[in-house]
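First the structure, in the form of structure tokens, and then the observations on it.
The values are calculated or read from the model by the stated rules, or taken from the named source; none is laboratory data. Please read these numbers as outputs of a predicted model, since none were measured by experiment. Every residue, glycine among them, receives a Cβ derived from its backbone with ideal geometry; neighbour counts consider all protein chains shown. Areas reflect the complete protein model, heavy atoms only, side chains present, ligands, DNA and RNA absent. Shrake-Rupley method; radii C 1.70, N 1.55, O 1.52, S 1.80 Å.
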Amino acid sequence: MVRYTNFLLKAVLSSIHQRTISLQHPDLVPVNPEPILGKSEQAFFPKAHPDQGVRPFLVAGPCSAETPERFETTLDGLAPLAPDLVRAGIWKPRTRPDRFEGVGAEGLVWVRELTQRRGLRLAVEVAQPSQVEQALLHGVDAVWLGARTTVNPFLVDEIGRVLAGTGMPVLLKNPINPDLELWLGAIERMERWGLTQLALVHRGFSPFEPSPYRNMPQWEIPIELRRRRPDLPMYCDPSHITGNAQLVPEFAQIALDLCYDGWMLEVHHSPSDAWSDAGQQLTPDQLRDTLGGMTFRFNDPENQELAAQLQELRAQVDRLDHDLLELMSQRLKLSHRLGTLKKEYDLPILQPKRWEQILETRHREGASMGLNLSFLNKWLQLMHQESIQRQLDMYRPDSSKTP
Ligand code: PEP
Ligand code: MN
């Protein structure tokens with residue numbers, strides 16, 4: 001309780017001082033999920049309001065429960081940090097079949113007992129109806145659906161069917177592919193089975209090309225999902241996004257700065273010996289340091305001077321955006337006129353040399369203006385695609401459209 005009061009006090013003080021503060025105290029971690037505000041009082045998964053004293057939710061624990069002794073050692077390190085929920089993989093969806101696939105149902109007996117003994121809540125991953133039955137039988141507090149399960153509407157439905165009527169809190173990880181609708185579909189399927197204690201876990205998306213992270217964050221997807229479902233808490237899983245324990249603190253902070261409601265973090269007493277995901281798990285000490293190093297940033301509605309500065313800059317952005325739209329519209333009208341000429345003289349629509357020249361000159365100009373190349377490329381591709389599509393439309397026999 002002392003830790004919680006500390007948190008609250010700091011949060012209130014920070015609002016009073018109206019500035020960004022750093023809560024650099026290792027003991028500022030949740031003791032119990034006791035949200036203190038309004039609706040969240042009933043919620044198993046609260047939405048974070050650090051400036052109002054509701055802490056980010058912490059799910060922490062090993063990737064896999066390995067043996068009772070190993071799990072107990074990890075828990076002993078973890079318990080003083082009082083996670084809101086302990087995670088433990090019992091059935092592991094491994095990419096290759098010759099890897100450790102989890103201890104299976106028998107592990108539920110000891111993960112339940114060892115967490116209960118310490119007054120900790122427990123979540124396990126379920127990927128099949130039979131696993132859900134086992135999880136229910138052993139009285140877990142919550143379950144999560146992994147990225148390889150969310151991706152499959154049949155499985156999501158089957159799992160929902162077994163959970164129906166239990167009121168079980170469910171964490172839904174994003175599907176492995178960057179498909180927002182599929183993620184939304186999993187939420188809606190759970191809701192159709194009457195499961196309303198839901199939270200989302202952003203764990204990144206499988207990369208197509210070699211990438212700096214195990215899974216690409218593609219922050220725009222969870223941001224859009226939160227816009228569509230602002231009622232659902234969104235937690236971030238920096239362990240599976242980065243695949244690298246050294247990067248986890250940085251990503252845990254990014255999650256806070258992007259207003260996530262909590263984290264799911266993999267923690268193991270001896271990560272290098274872990275039987276799965278050895279490279280990305282934190283030790284309990286590293287978790288304590290990570291939490292202690294988090295900077296909580298608060299909006300500051302009282303600061304009039306700041307509000308005026310923001311407003312002025314935003315007005316400039318609005319004007320520039322308007323100009324950009326205007327320019328884009330003019331540019332596409334020119335594409336239309338080019339299309340008319342090409343059609344009249346029976347030229348092919350795609351002009352590879354011209355496209356090559358556009359890329360080359362724009363890259364050079366953009367670089368000299370400090371534009372990020374990958375951003376610029378996306379924009380050029382989009383614009384080119386739209387121009388081509390418009391010209392293709394013009395070439396259709398029934399087309400008499402003007403832009
Ligand atoms: C896990 O949480 O250990 C796991 C398998 O995660 P994901 O479904 O995100 O790959
Ligand atoms: Mn894992």
Legend entry - ³J(HN,Hα), Karplus 6.51/-1.76/1.60, whole Hz, each residue of the stretch 385-394, x for Gly, Pro: 4, 5, 4, 5, 4, 4, 5, 4, 4, 5
Inset, instruction - Sticking with the crude label model, points 7 Å out along Cα→Cβ, report the distance from Asn372 to Arg192 in nm, one decimal please. - result: 3.7 nm
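For a test of the definition: using alpha carbon positions, the gyration tensor, and the 1.5 limit on a/c, classify the stretch 234-333 as rounded, prolate or oblate. Let's see the in-between values first.
Details: a/c = 4.95, a/b = 1.96, b/c = 2.53.
Verdict is oblate for the stretch 234-333.
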Inset, instruction - Using a 1.4 angstrom probe, figure out how much accessible area the chain has per residue, in square angstrom, rounded to the nearest whole. - result: 52 Å²
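Nearest-5 percent of antiparallel DSSP beta bridges in the chain?
Working: 4 of 30 bridges.
Bridges in the chain that DSSP calls antiparallel: roughly 15 percent.
Rounded, prolate or oblate: which fits the stretch 264-398, taking a ≥ b ≥ c as square roots of the Cα gyration tensor eigenvalues, rounded meaning a/c under 1.5, else prolate when a/b beats b/c? Before the final figure, lay out the partial values.
Values: a/c = 3.44, a/b = 1.74, b/c = 1.97.
The shape class here is oblate.
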Legend entry - Whether the stretch 68-215 is rounded, prolate or oblate, judged on the alpha carbon gyration tensor where a/c under 1.5 counts as rounded: oblate
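Could you work out the local net charge near Leu320, counting Lys and Arg as +1, Asp and Glu as -1, over the other residues with Cβ closer than 15 Å to its Cβ?
-3
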Legend entry - 222 nm mean residue ellipticity, helices alone, for the chain (DSSP H n ≥ 4; -39,500 (n - 2.57); rounded to 500): -15000 deg cm²/dmol
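If each residue of separation counts as 0.36 nm, what is the full-extension length gain between Leu327 and Gln52 once their alpha-carbon separation is subtracted?
Values: separation 275, 0.36 × 275 = 99.00 nm, distance 4.37 nm.
Extra length from Leu327 to Gln52 when fully extended: 94.6 nm.
Assuming R0 = 25 Å, what is the FRET efficiency of Asp289 and Phe100, from their Cβ-Cβ distance, to the nearest 0.05? Write down the numbers at each step before the final one.
Values: r = 28 Å, r/R0 = 1.12.
It comes out at approximately 0.35.
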Inset, instruction - Show the residues, 5+ positions off or on another chain, whose built amide H is closer than 5 Å to the amide H of Arg87. - result: Ala60, Gly61, Ala123
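Could the peptides 76-82, 211-217 be put in order, highest first, of the mean number of other beta-carbon atoms found within 10 Å of their residues?
Sorting 76-82, 211-217 by mean packing, highest first, produces 76-82, 211-217.
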Legend entry - Highest-first arrangement of 385-394, 152-161, where packing means the average Cβ count within 10 Å: 152-161, 385-394
Legend entry - Selected from Ala315, Gln391, Leu359, residue furthest toward positive end of dipole (the stretch 298-403; charges at beta carbon): Gln391
Inset, instruction - Can you tell me what the convex hull of the Cα atoms of the chain projects to on average, as an area in nm²? - result: 24.9 nm²
Inset, instruction - Past 24 Å, Cα to Cα, is the threshold; run Lys47/Lys92; Lys47/Lys173; Lys353/Lys378; Lys92/Lys173 against it and keep the listed order. - result: Lys47/Lys92
Inset, instruction - Keeping the other protein chains in place, figure out the carbon and sulfur percent of the accessible area of the chain, with a 1.4 Å probe. - result: 54 percent
Inset, instruction - Run the dipole for the stretch 106-183 about the Cα centre, Lys and Arg Cβ at +1, Asp and Glu Cβ at -1, nothing else charged, and hand back the magnitude in debye, nearest 20. - result: 340 debye
Inset, instruction - Would you work out the relative contact order for the chain, in percent, from Cα pairs under 8 angstrom that are 6 or more residues apart? - result: 16 percent
